């Protein structure tokens with residue numbers, strides 16, 4: 001049986017977390033309990049919920065946790081936009097983080113779609129390293 005660490009979407013979301021932590025480290029100190037904290041928490045939520053869902057016993061729970069991960073990705077998208085508009089990051093860095101977050105969101109959406117439509121009847125025993 002595989003595990004969540006084999007999923008490319010989990011691996012990419014870990015990379016996203018590291019980049020968010022690096023970027024928010026340069027945010028103004030008065031954002032420490034505001035945007036910095038929010039961005040870090042929701043970015044960590046993405047791979048954490050993938051892992052938790054994968055560790056649950058039922059396929060239904062896995063799908064629900066994937067949806068939570070997708071919601072956290074949407075939340076991060078808004079926070080990235082705010083960070084750029086508040087000039088906490090430059091356009092190049094925003095584009096890099098936004099593109100990776102969008103890629104993770106698309107992978108999650110595809111995985112959810114496949115699960116809901118019975119195209120991945122048992123993710124835990126299938127090798128889905130491309131998602």
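None of the figures in this text is laboratory data; all of them are computed from the coordinates on show. All values reported here derive from a predicted model rather than from experimental measurement. We place every Cβ from the backbone using ideal geometry, glycine too, and count neighbours over all the protein chains shown.
What to note about this one:
- Once the Cα atoms are used to define both axes, helix 91-116 deviates from the longest principal axis of the chain by about 20 degrees.
- The chain: relative contact order in percent, alpha carbon pairs under 8 Å with at least 6 residues between: 34 percent
- Selected from 26, 109, 72 as most flexible by GNM, with the chain as the system and alpha-carbon contacts under 10 Å: 26
- Spin-label model, residue 92/residue 29: points 7 Å from Cα along the beta carbon direction are separated by 2.8 nm.
- Degrees separating the helix 8-24 axis from the principal Cα axis of the chain, which is the longest one: 10 degrees
- Value at 222 nm in deg cm²/dmol, rounded to 500, when DSSP H runs of n ≥ 4 in the chain each add -39,500 (n - 2.57): -24500 deg cm²/dmol
- Helix 59-85 and the longest principal axis of the C-alpha atoms of the chain enclose an angle of approximately 20°.
- Most fluctuating residue given options 24, 78, 63, as computed from a GNM of the chain linking Cα atoms under 10 Å: 78
- Choice from 110, 45, 69 showing the highest fluctuation, given a GNM over the chain with Cα pairs closer than 10 Å: 110
- Residues 82, 100, 119 arranged by fewest to most Cβ contacts within 10 Å: 119, 82, 100
- Distance between modelled label sites at residue 110 and residue 41, nm, 7 Å Cα→Cβ extension: 3.1 nm
- Sorted by Cβ neighbour density within 10 Å, fewest at the top, the residues 36, 15: 15, 36
- Cβ-based exposure ranking for 35, 7, in which fewest neighbours within 10 Å come first: 35, 7
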